[in-house]
Structures are given as structure tokens and as C-alpha cells.
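See structure below.
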Amino acid sequence: MDRHYDAVIVGAGLAGLRAAIELAGRARVAVISKVFATRSHSGAAQGGIGAAIGNEEEDRWEWHMFDTVKGSDYLGDQDAIEVMAKDAPRTIYELEHLGVPFNRTRDGRIAQRAFGGHTRDFGKAPVKRACYAADRTGRVILDTLWEQSLRKGIDFFDEYHVLSLMINGSSCSGVVAYELATGAIVGFHSKAVLLATGGAGRIFKVTSNALASTGDGMAMAYRAGAPLEDMEFVQFHPTGIYKLGILISEAARGEGGVLRNAKGERFMEHYAPVIKDLAPRDMVSRCILEEIRAGRGIDGKDFVHLDLTHLGQDVIGHKLAEIAGFAKTYAGVDPAREPIPVHPTCHYMMGGIAANADGEVVVDAGATPLPGLFAAGECACVSVHGANRLGCNSLLDTLVFGRRTGGAIRDFIQTVKAPKPSDAFRKKAESRMAELLAIEGPEQIGAVMTELQHTMMEHVSVFRHAKGLQAALANIRELKERCARIAILDKGKCFNRNLLDSIELGQMLDLAEVITLGALYRGESRGAHWREDFPKRDDEKFLHHTMVHLSGGAPQIFSRPVAITRFEPRERTY
Ligand SMILES: Cc1cc2nc3c(=O)[nH]c(=O)nc-3n(C[C@H](O)[C@H](O)[C@H](O)COP(=O)(O)OP(=O)(O)OC[C@H]3O[C@@H](n4cnc5c(N)ncnc54)[C@H](O)[C@@H]3O)c2cc1C
């Protein structure tokens with residue numbers, strides 16, 4: 001079957017929906033999502049969205065910009081960060097007017113709270129910059145944007161899994177998707193495609209990410225020849241529930257929670273004397289693991305405690321209700337009475353599909369756009385987060401750049417004719433699916449997936465060194481071969497998860513290879529990328545973006561300069 005639109009948006013998280021709203025009424029738009037729209041991972045966002053609206057205390061967009069640049073360990077592009085920090089207050093009021101129920105101050109204004117790395121006056125002290133709705137901020141924004149999208153007549157294709165991009169010569173003219181309920185392959189032809197497919201945390205054994213965060217958009221763009229940027233920068237959030245990785249939001253520390261080691265010490269005081277537990281995530285994750293390595297994990301084990309017991313039932317009940325529920329259900333502790341066992345969990349991809357501040361996917365060091373292909377949200381690298389993202393800057397990124405990309409698509413589609421539909425892409429996908437189903441091989445998805453997640457956790461997570469990275473790379477390449485011999489046991493057409501899991505696994509293996517290659521290439525420590533064999537940041541050799549693209553079927557690395565406009569790189573202390 002074939003369908004025709006002006007613009008196709010892959011992904012119904014905040015980035016996809018914000019772009020759709022921008023296009024509504026001006027173009028025929030389809031939003032495709034492999035899960036039901038409101039189950040997108042954006043709905044799991046807890047803590048807040050950052051903007052210098054200064055409702056609780058003085059704040060300025062320049063401070064927000066500075067914190068983001070410093071948080072990024074000076075790898076973020078400052079022109080794009082300026083766009084985001086300046087546009088943040090407008091974004092919050094827009095959400096308010098669309099109906100997002102933010103928490104309020106006593107006098108009725110939008111309430112704000114402290115978060116990691118948010119400071120006043122260029123790093124002097126913590127500032128309250130995170131706007132929030134209890135600890136369900138993503139949920140309320142996603143539901144609001146979804147309602148608005150329905151109201152504006154956007155066509156949704158929920159539970160359609162996009163398999164590949166239609167790249168005609170040098171431009172993009174649609175996507176091929178698989179309908180989960182029937183197994184039908186559908187060609188979506190359009191003048192423009194926006195990839196808004198979210199993150200890829202599932203590559204790692206312990207993660208806060210949803211099951212659907214398998215990096216499909218990144219892998220599709222990469223396979224179609226577009227470069228991936230800064231993929232070695234993978235964020236580990238300091239406070240995942242021990243063993244499970246389910247997130248306990250940074251808002252818990254923003255509201256006054258503290259981390260403690262086996263001796264009961266508030267150890268962050270030693271590492272970040274000014275902002276302590278509110279240091280950025282890369283630092284806090286490393287500090288937790290340092291404490292564990294020094295034998296100060298709780299009961300000698302590999303976790304520490306997040307202590308909220310002094311906050312009182314009222315604060316926990318009103319502002320942290322969701323995570324209190326998670327702690328009770330998954331760790332069996334009541335955070336008002338006992339500390340929560342926590343450990344770093346894979347949380348966010350700073351890297352992604354190389355894109356400019358209008359969401360155009362760019363293909364070379366000179367930032368040449370690939371006509372018709374756009375990317376926004378976590379799957380894109382604009383790059384505003386550089387080597388480490390600050391809390392509350394991702395929801396902001398999805399909305400600021402989702403809107404801008406929607407605007408850019410609106411302008412782009414005026415300038416091009418509808419592409420001549422070809423059924424070649426659909427036919428190719430149909431035969432690929434038939435081939436996959438016919439594989440008799442001895443391998444099983446679960447075994448290959450578990451080994452990948454284990455290897456990435458062991459060698460490519462918070463601490464890295466050349467030997468481990470090389471071992472990981474060799475293992476990933478072996479797993480790629482084994483993946484080609486996976487037998488799909490379900491041969492049916494109705495909700496064939498077995499088939500889709502195997503496709504997702506193949507894509508995750510490609511991304512794991514790119515992440516590991518980038519980590520090996522970058523012989524320095526910067527932000528979330530910490531090389532034990534190169535423990536210093538090396539601006540002379542590595543103050544640039546790592547770009548990896550496929551050339552002749554093999555990954556090749558090149559680089560792109562960092563945009564530095566206002567803040568020269570300095571040592572990063574907190
Ligand atoms: C537990 C948790 C808490 C967080 N809390 C915060 C917070 O408080 N503040 C903050 O700023 N950030 C937070 N983040 C990060 C932030 O939520 C995400 O980075 C952001 O929501 C990503 O939005 P997105 O629109 O890019 O993608 P997502 O919301 O991840 O949506 C991806 C969409 O793509 C679709 N998709 C993917 N692949 C395919 C395919 N092959 N075919 C069809 N559809 C596909 C999915 O169905 C989905 O609709 C949190 C993240 C997590 C995991």
C-alpha cells in the first residue's frame with residue numbers, strides 16, 4: 001500500500017509532535033510511531049524543563065547559556081546553545097497557553113526548582129531554573145501536545161514501525177513502514193521526512209530508557225549515508241534504582257536529597273564543594289563509582305544511597321510522588337523513611353544524526369544539507385549538549401528545535417514538487433522481511449542482545465580504556481555476524497515482535513560500533529567520555545565533533561569544528 005503526504009514525521013515524542021503542530025494547517029502531515037503516541041519515552045520525563053524565567057529568584061538566559069556550555073565541557077555549539085537558552089522562556093509560556101498544568105508558586109506563577117549544573121551568575125551558586133509538574137513533567141507536556149495535534153487534524157499512524165528511508169539520488173522522499181497489526185508494508189511518500197525517533201539507551205544493560213529507545217532513526221540515517229555526530233558521549237544518570245536502572249529524577253536532589261556512602265558521608269561535598277549533589281551528571285556518576293571502587297559502596301556492594309528521609313512526607317508526597325512510588329514498588333523502600341539504593345544508569349545520547357539549528361540533516365564537515373531529510377529531539381545532534389547534557393535541557397531541546405524544524409519543513413515543502421512515487425523501496429523492504437523470516441540459523445535474539453548489552457556496560461560505559469574498547473569492538477563485530485544468523489521463530493503477520501526485535505538488534509549493533517569507534521578515537525577525557533588511559537581534556541587535539549559515516553560499507557571518521565562564540569574553553573570545576 002502507498003500513502004502520500006507533504007511531510008512525514010517519524011516519532012510521536014515531544015520533538016515530533018511539536019514539529020507537527022507547527023506544520024498543522026499548512027501541510028498534509030502524517031505522524032508515524034511504533035508505539036501508541038502517548039507511550040513515547042518523552043512521557044517518562046520526570047524532573048522538569050529548564051528556562052531562565054526567574055520566577056523564584058533572579059535568572060538570565062546568558063547564565064543558562066553559560067551553564068549549558070560549561071556542562072557540555074565546551075563541546076556544545078555555542079550558536080545553537082544561544083538559540084535554545086534565549087528561546088526557553090517563550091517555550092514555557094507557549095506550553096502554559098497550550099494547557100500544560102505546571103506547579104505554581106504561592107502567588108500563582110510557574111514554580112521552579114534547582115537541578116544539576118544550573119547556576120546563577122556564571123557558576124557562583126545553584127539557581128532554581130527547572131519548571132515542573134510534580135515529577136511527571138514529560139507526561140503532562142506529551143499529553144497536551146498530543147491533544148493539540150488531534151485538535152489540529154494531524155493524521156496519526158500508531159504502531160507502524162518505520163524500516164527505512166527512501167533516498168532518491170541525493171534527496172529524501174519518504175519512508176517505508178511495517179504495520180504491526182497486519183504485517184503490511186506501507187510506503188509513505190512525501191516531500192520531507194523528519195526523524196524524531198528518540199534515544200538508544202537499550203544498547204546498555206542498565207538503562208532508564210523505554211523498550212522502544214533502540215536508536216532506529218539514527219541507524220536508518222547512518223545506513224542511508226548520513227553522518228552520526230559525537231556518538232561516544234553517552235550519559236549515565238547517577239541515580240537509577242540499583243540493578244534495574246529505573247530513574248530517580250535529579251529533582252530528588254534538586255529538592256534537597258543527598259547521596260551517601262557506606263559511612264553515611266555526604267561524599268559529593270568532597271568532589272564539588274560549591275554545588276555538591278547538584279554537580280552535573282557526568283561528574284556525579286563518576287564520583288559514585290569512585291566511592292564504590294574505594295570500598296565505600298553500601299555493605300561493600302556496588303551501590304550508594306540516595307537519602308530523602310529529611311525532606312518530609314509533604315515534599316515527597318507533593319513534588320516527588322511518582323519516584324516515591326517507584327522506590328516502593330521496585331526497591332521495596334519508602335523514601336520518607338529509608339534511603340534508596342542507587343547506581344548510575346544509561347540515560348541519554350548526546351550524539352545523534354548531525355543536524356543544524358533548523359533541523360536539516362547535514363552530511364559533511366561543511367554542513368551541506370541532505371534535501372528533504374530533517375532530524376530533531378534526542379536522535380539529532382544539533383549540538384547543544386556537547387559532551388554532557390544538563391538536566392532539563394532535553395525537553396527544552398525537543399520543543400525549541402522541534403518547532404524550528406517544523407518551520408523549516410514548512411518553508412522547504414513550498415520549494416519542491418511532490419516526488420515521483422516509486423514502489424521500489426517498498427518492494428525491497430518486502431523481500432528483506434521475507435529473507436529475515438527465512439533464516440534458519442542457530443542464533444537467538446535474546447542471547448545476542450544480552451551479550452551486546454553486557455559488553456557495552458562492561459567496557460563502554462562510565463569508565464573506558466583502550467584495551468576494553470578494543471575488546472568491545474571485536475565482540476560487537478562478532479555479534480553482527482551472529483545477528484545475521486538469527487532464526488525468527490514467529491513466522492506470523494500479527495504483532496510479530498520477534499521479527500521487529502531482530503531488526504532493532506541489528507540497528508543497535510551498528511550504533512554500538514559507532515559509539516565504540518568514537519570512544520577509541522577520542523584519546524582524551526571530556527564530559528561523559530572518560531578515558532582512564534587519557535584522564536585529561538585535550539583541547540589541542542580534540543576540541544572538535546567526531547563524525548562517523550558509512551563509506552564503502554565501513555564506518556569512517558571525520559571531524560567538524562565546534563562553534564565557539566561567547567565562552568572560551570576553561571577548566572571545569574564546580
Ligand atoms: C526516565 C526519563 C526521564 C527523563 N526526564 C527528563 C527531564 O525531567 N527533563 C528533560 O529535559 N529530559 C528528561 N529526559 C530526557 C527526555 O525525556 C528525552 O530525551 C526526550 O523526551 C526525547 O524526546 P524525543 O521526542 O526525541 O523522542 P521520544 O519521546 O523518545 O519519542 C520517540 C518516538 O519515536 C518513535 N519511533 C522510534 N523508532 C521508530 C520507528 N522505527 N518507527 C516508528 N516510530 C519510531 C517512538 O514510537 C516514539 O514515538 C528523561 C528521559 C528518561 C528516559
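The values are calculated or read from the model by the stated rules, or taken from the named source; none is laboratory data. Since the model is a prediction, treat every value here as computed from it, not as a measurement. We place every Cβ from the backbone using ideal geometry, glycine too, and count neighbours over all the protein chains shown.
Taken over the stretch 328-357, residues that are surrounded by 19 or more Cβ atoms within 10 Å (Cβ to Cβ) and within 14 Å of the ligand (Cβ to nearest atom) amount to 12. Of the helices (runs of 4 or more DSSP H) lying entirely inside the stretch 462-562, those containing at least 2 residues that are touching a strand residue (DSSP E or B) at 6+ places or on another chain (Cβ under 8 Å) and in contact (Cβ under 8 Å) with a residue 60 or more places away in the chain span 497-521.
Only one entry of E265, E269 meets the criterion of being of a type outside the set (V, I, T), away from the ligand (no atom under 11 Å from the Cβ) and either touching a residue at least 40 places away in the same chain (Cβ under 8 Å) or in contact with a helix residue (DSSP H, G or I) (Cβ under 7 Å, 6 or more places away or on another chain) (or both), and that entry is E269. Would you check which residues across the stretch 425-446 are closer than 24 Å to A224 by Cβ and surrounded by 12 or more Cβ atoms within 10 Å (Cβ to Cβ) and list them? Selection gives F425, R426, K427, K428, A429, E430, R432, M433, L436, L437, I439. Among the residues of the stretch 253-267, those that are among the hydrophobic types (A, V, I, L, M, F, W, C) and touching a strand residue (DSSP E or B) at 6+ places or on another chain (Cβ under 6 Å) comprise V258, L259. Suppose the filter is over 30 Å from V193 (Cα atoms) and assigned to a loop (DSSP other than H, G, I, E, B); does A367 pass it? The answer is no for A367. Among the residues of the stretch 68-105, those that are farther than 30 Å from F542 by Cβ and of a type in the set (V, I, T) comprise T91, I92, V100, T105. Looking across the stretch 380-435, the residues that are hydrophobic (A, V, I, L, M, F, W, C), more than 30 Å from R572 (Cβ to Cβ) and either in a helix (DSSP H, G or I) or in the same structural domain as E250 (by TED's automatic domain parsing) (or both) come down to A408, I409, F412, I413, A424, F425, A429, M433, A434. With respect to the stated conditions, G76 fails to be loosely packed, with under 14 Cβ neighbours inside 10 Å and in a loop (DSSP other than H, G, I, E, B).
Per-residue answers, yes or no, for (1) of a type in the set (V, I, T); (2) touching a strand residue (DSSP E or B) at 6+ places or on another chain (Cβ under 8 Å):
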| site | (1), (2) |
| --- | --- |
| H97 | no, no |
| F102 | no, yes |
| A111 | no, yes |
| D121 | no, no |
| C131 | no, yes |
| I141 | yes, yes |
| E147 | no, no |
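Of all residues in the stretch 198-221, those that are without any contact (Cβ under 8 Å) to a residue 12 or more places away in the chain have Cβ atoms under 9 Å from Cβ atoms of residues that are within 7 Å of the ligand (Cβ to nearest atom), 6 or more apart or on another chain, in L211/V35. Scanning the stretch 147-204 for residues that are within 21 Å of the chain's Cα centre (by Cα), of a type outside the set (A, V, I, L, M) and crowded, with 24+ Cβ neighbours inside 10 Å gives T197, G198, G199, G201, F204.
Screening D67 on (1) away from the ligand (no atom under 14 Å from the Cβ); (2) among the acidic types (D, E); (3) under 20 Å from the mean Cα position of the chain (by Cα) shows it passes everything except condition (1). Filtered by the rule that a residue be under 27 Å from D490 (Cβ atoms) and of a type in the set (S, T, Y), the stretch 419-435 gives a lone residue, S431.
On the stretch given as the stretch 195-211, residues that are closer than 25 Å to G372 by Cα and near the ligand (Cβ under 8 Å from one of its atoms) total 4.
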